[in-house]
Amino acid sequence: MLVINMSGSTDEGDTEYGEAEINDRGRLTIPKALREDLNIEGGTTFTVVRQGNTIQLVRQLPGLHTVSTGRDRDEWGTEAFRDAGRATFGGE
């Protein structure tokens, strides 16, 4: 979550990334260094939340998609799930 505190104060331990200015169309550019640190790319969607004098930009997570082969659990058998676990996490 990215929080913009309109009161001008910062919490200890915060990192400053310079200044940002809202243009005449209401757009705010997030400094490049912060975008890189948070892996924010063009097209990233945020929900804007106001809490008193604070504005929060809450990044929206992409939707998850279920991938299926069309087989049910009985068709796979129990060994397939054990093998998938070993392949993913290693070990026995």
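Roughly speaking, what is the stretch gain from Asp14 to Asp74, that is 0.36 nm per residue apart minus the C-alpha to C-alpha distance, in nm to one decimal?
Gain in length upon complete extension: 16.3 nm.
For Gln60 and Ile30, compute 0.36 nm times the residue count separating them, minus their Cα-Cα distance, and round to one decimal in nm.
Extending this stretch completely gives an extra 9.2 nm.
Counting Lys and Arg as +1 and Asp and Glu as -1, what is the net charge of the other residues whose Cβ lies under 14 Å from the Cβ of Phe46?
Computed value for this residue: +3.
The numbers here are math on the coordinates, done by the rules we state, and not lab data. As the structure is a prediction and not an experimental result, all values here were calculated from the model. Cβ: placed from backbone, ideal geometry, glycine included. Neighbour counts: every protein chain shown.
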